[in-house]
Every structure is written in C-alpha cells, then in structure tokens.
Amino acid sequence: QSEFTGNSATYGGGFHADGGTDSNLGPYFYSSSFNNNTASADGGAFYIDDAELDFYYGWVHDNVAASNGGGLFGYNNSNILVNSSVMCANEATAGSGGGMMIEDGKGYVQVYATSVVENTAYRYGGGTFDSGWATRADGSNNSYSYYYATAFVGNEVAATYHDGLTNDAGAANPRSQY
C-alpha cells in the first residue's frame, strides 16, 4: 500500500516508468492511491514508457496532465493491467484521455472490474483514448485493449469530439485484437 499525493513532473506526475529495451520492467501496485499529481506534459499520475504496470485495488483521482493521459499515459511497448480500481476526476487539459491514454503501443492494455468516472479531456476520450497501435518488428500486430466489467460513467470532453471510450485504431469493438 502506497500513497502518491501532490507530486509533479514533466512526465508522470506521480510515477514514471521507462523500461528502455526491456518492456518486462515495471511496477506492481496493490491498494495504492495516486491523488492530486500533475504533469506538465503527459501522465498526471502515471507515465509508462516501454514498461509494464500492474495496478490492483487502487485509486487514481484528481490528477492533471497538461497534455494527454490525466490519470495514466501508456506509450511504446507497454503492458498495462488495471484491476478492481477507480479512475475518477482526472483531467487532460489540452489533449486526450482524461482517465487514461494509450499511444503507439505494441503491448497490451487490460482493464478489469474498474470504474472510469467523471474524467475530462479536451480532445478525445474523456474516459479512455486508445490511439493507433504500431506493428511489431516481426510484422505482426498482437497489441490489444481489453475492457471487461468496466464502467465508463460521466466522462466528458471539452471540445466537440468523443467522450467515454474512444478507439482511434479502427476497431469497432475495444475488446478486439488490432
């Protein structure tokens, strides 16, 4: 159990993980909270770059990113698992993904039994925004986002784009591989 409150950074106001060439590196949080953290760029609470994040039974609330991923920003080969948690009242003031944004990944995002509530973004995905997955070096594209028993409630966008869950990779079903 950990609490990350009132921290600030350019990337990942609460926590920044950069796995470099080993995307199996990364933190495991159980019953932790990330509150009132700020990032002057991406990832108000978390910035996960080419790393792995396991987040169980936690709270991610009232975090702000000046650009994308008010609660969480995942990038590159990141593997992100969020289970039985709450992401609420996070904000991406000038970008997308109020609750979380995943960009240009070759990994996966799995969100189970989580509430994504009252997050705000300026552009896309008040709750969650998944933006364009890249193709793996071997030519395959095994990346996916999976949301199971997850509630998206009261998420908003400030501009006239999409609220809730937005997928920019062309998949009609966010539980599909793409």
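The values are calculated or read from the model by the stated rules, or taken from the named source; none is laboratory data. On a predicted model such as this, the values are computed, not experimentally measured, just so you know. Here the Cβ positions follow ideal geometry from the backbone for every residue, glycine too, while neighbour counts run over all protein chains shown. These area figures cover heavy atoms from the full protein model, side chains too; ligands, DNA and RNA do not enter into them. Shrake-Rupley method; radii C 1.70, N 1.55, O 1.52, S 1.80 Å.
Suppose we filter Glu118, Glu103 for residues that are over 15 Å from Gly12 (Cα atoms) and among the charged types (D, E, K, R); which single one remains?
Step by step, each of Glu118, Glu103 is checked, and only Glu118 is over 15 Å from Gly12 (Cα atoms) and among the charged types (D, E, K, R).
If I filter region 56-69 for residues that are under 11 Å from the mean Cα position of the chain (by Cα), of a type outside the set (A, V, I, L, M) and closer than 22 Å to Val117 by Cβ, do I get at least one hit?
yes
What pairs come out if I take residues in region 103-116 that are more than 20 Å from Ser67 (Cα to Cα) and pair them with residues that are among the basic types (Lys, Arg) and open to solvent by 40 Å² or more (accessible area, probe 1.4 Å) whose C-beta lies under 7 Å away, six or more apart or interchain?
Filtered contacts from region 103-116: Lys106/Arg136.
When you look at Asp49, is it modelled with pLDDT under 95 and more than 13 Å from the chain's Cα centre (by Cα), yes or no?
no
Considering region 102-115 alone, what residues qualify as being closer than 13 Å to Tyr75 by Cβ and open to solvent by 10 Å² or more (accessible area, probe 1.4 Å)?
Answer for region 102-115, where residues must be closer than 13 Å to Tyr75 by Cβ and open to solvent by 10 Å² or more (accessible area, probe 1.4 Å): Glu103, Asp104, Lys106.
Which of the residues that make up region 84-117 are small (Gly, Ala, Ser), over 22 Å from Ser40 (Cα atoms) and in a strand (DSSP E or B)?
Listed by number, the list holds a single entry, Ser115.
Would you say Glu52 is acidic (Asp, Glu) and over 20 Å from Ser145 (Cα atoms)?
When the stated conditions are applied, Glu52 does not pass them.
Would you confirm whether any residue within region 159-172 is modelled with pLDDT of 65 or more, surrounded by 15 or more Cβ atoms within 10 Å (Cβ to Cβ) and of a type outside the set (Gly, Ala, Ser)?
no
Hey, among the residues in region 123-156 that are at pLDDT 90 or above and β-branched (Val, Ile, Thr), which one's surrounded by the most Cβ atoms within 10 Å (Cβ to Cβ)?
Among those residues, the one meeting the criterion is Thr128.
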